[in-house]
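One structure below.
The values are calculated or read from the model by the stated rules, or taken from the named source; none is laboratory data. All values reported here derive from a predicted model rather than from experimental measurement. So basically every Cβ, Gly included, is an ideal-geometry build from the backbone, and we count neighbours across all protein chains shown.
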Amino acid sequence: MRRLKLILVLGGVLALLASVGVAWATTGATTGYPQPPNNVPVQKQAPFENRYVLTAVGSGASIRSGEMKFEFEEGSSPQFLVGISQFYSYGPTGEIETGLFTFYPPKALPNGKGLGFTALKVGASAQYGQVTPDGELQLFTPEGGTVKGQLRLHGGGPWPVEFKVLADDERYTASPPAAKQIHEAEPNNPGWGGEASEYEGEYELTNGGSDPTEKAGTLGAVIGVAQGLGVNGAVVSEGSMTVEGNPAVATVKLETGGTERTFTLTKLAWQGDQRVAQVHNEGPSSPPVGHFEGTGGQGEVRGTLISGHSVYKVDFKLKR
Amino acid sequence: MKTRSRSLASLLVLAAVGATIIAGCGGGGGSSSGGGTTSDFVSGAEAACRKANGAIVALGTPQQEQVIKYLEDTEELVERLHKEVAALGPSGAAETAYVKGLAEAIPVLTAMSNAARSENFDAVRELSAGLVEIKLGELAEAAELKSCAEVPVSES
């Protein structure tokens, strides 16, 4: 049944890819999305059936620009909206990467605030593409030609977003213009706490999972590498972290399968329970390859460590 | 005393000749099929696995820009390992299952390489579940292939 649903959704994605705004043709059916379990009244969905361009986004999302389209699934009864977007993001080394997302199923936000959708990531190649839940898009009730909302992707956010409704004849021949970057209040206190003694020391990983390479023989190494890729986070089997120095630097060792990786975290900063840092692969003086975002306090640090295409969900506890 | 010694020596010679003939007969069946004996298979497969594991260790742990090359190289190494081990002529269920496991891994690795080329790294990770399911290490253990059951661990 799950496989059937996936096939149906993939069919819908391909149809949507053929129909989304600017870069593609603007007409075409969206078929294949199964009827959502919860019905949202059509009159609540109808104001969102439009083509959009991204005009503002939280800087933490690293999205440069984007386009989006929502339309009613053809033949659906009761009718429901399905969306697709193309976001142009800043990659870890500064290059622009393209990300495709579909938004389904719609759900009504509390107090008539608008609509929410699960963000489904679409693979770059249809043949190998997977539609995987990757976050959430909330769109608040349109005001004139503007729709505000918030976006969660890759385990990060929420980031504020603002879209402008495009007129029927409004087209971009290339990528859309850069959206305004909304700079959120980011942690800027040095270290990971008010006093160095609160966070310096040796940490142990407390969310280690089972090792998928354990019985894999010769294939263990490649499984270990593959398990560290993607946006959903690798299964980390073992790990440790040491925080020391002034300014504080964290050395993180993580084992995914039989593969051990060492990361260096610099520019540690905090605000309330927020903990952030810059991630390097080859020591503190090597170029940054990602970032750490999480929460912490009272001898614990938990969050997401992003290094290029790899995402690691980690929970650390200070050894006392 | 001298006669007893000569008789003992004759017996020993006869025993040695007999053992040689028996050993020769025992190995004939496997060799004639071109596959080698089970012990030939084990030693040959172990040598092939040590070579493949060494080459995989030498690939190191790839950085993100090296993932495509890493997957392509691993695919090639596993394909070569499969050819070498299959050519040894597995006999018995455990050896056959190990060779089958290697064969099953190749299309999964091909799909992973293709997904990496499309920069669909989520798909690479998800496809790797197909490799986990093969449990190649367990199959190697069942076939008494100690080196083949080991996971190559890179230091870098």
Q: Identify, from the list A:LEU265, A:LEU229, A:LEU205, the residue that is more than 8 Å from every other protein chain (Cβ to nearest Cβ) and either buried (at least 22 other Cβ atoms within 10 Å of the Cβ) or free of Cβ contacts under 8 Å to residues at least 60 places away in the same chain (or both).
A: A:LEU265
Q) How about segment B:138-152: which of its residues are more than 7 Å from chain A (Cβ to nearest Cβ), outside any loop (DSSP other than H, G, I, E, B), surrounded by fewer than 23 Cβ atoms within 10 Å (Cβ to Cβ) and not small (Gly, Ala, Ser)? A) B:GLU141, B:LYS146
(Q) Just to be sure I understand the filter: pairs with C-beta atoms under 6 Å, separated by 6 or more residues or on different chains, first member in segment A:42-61 and modelled with pLDDT of 95 or more and outside any strand (DSSP E or B), second member among the aromatic types (Phe, Trp, Tyr) and crowded, with 21+ Cβ neighbours inside 10 Å. Which pairs pass? (A) A:PHE48/A:PHE70; A:GLU49/A:PHE70
Q: Assess whether A:VAL301 counts as being of a type outside the set (Phe, Trp, Tyr), touching a Phe, Trp or Tyr at 6+ places or on another chain (Cβ under 9 Å), surrounded by 23 or more Cβ atoms within 10 Å (Cβ to Cβ) and touching a residue at least 60 places away in the same chain (Cβ under 8 Å).
A: yes
Q | Residue that is farthest from the chain's Cα centre (by Cα), among those in segment B:114-152 that are hydroxyl-bearing (Ser, Thr, Tyr) and under 17 Å from A:THR218 (Cα atoms) | A | B:SER128
Q | segment A:90-113, residues that are in contact with a helix residue (DSSP H, G or I) (Cβ under 8 Å, 6 or more places away or on another chain) and not β-branched (Val, Ile, Thr) | A | A:PRO92, A:LEU100, A:TYR104, A:PRO106, A:ALA108, A:GLY112
Q: For B:VAL153, state whether it is touching a residue at least 12 places away in the same chain (Cβ under 8 Å) and in contact with a strand residue (DSSP E or B) (Cβ under 8 Å, 6 or more places away or on another chain).
A: yes
Q) Taking segment A:167-202 on its own, how many of its residues are surrounded by 12 or more Cβ atoms within 10 Å (Cβ to Cβ), among the hydrophobic types (A, V, I, L, M, F, W, C) and farther than 28 Å from A:PHE316 by Cα? A) 3
Q. Name the pairs: first residue in segment B:121-137 and facing another protein chain (nearest Cβ under 7 Å), second residue part of a helix (DSSP H, G or I) and among the polar types (S, T, N, Q), Cβ to Cβ under 7 Å, at least 6 apart or on different chains?
A. B:ARG125/A:GLN227; B:SER128/A:GLN227; B:LEU136/A:THR218
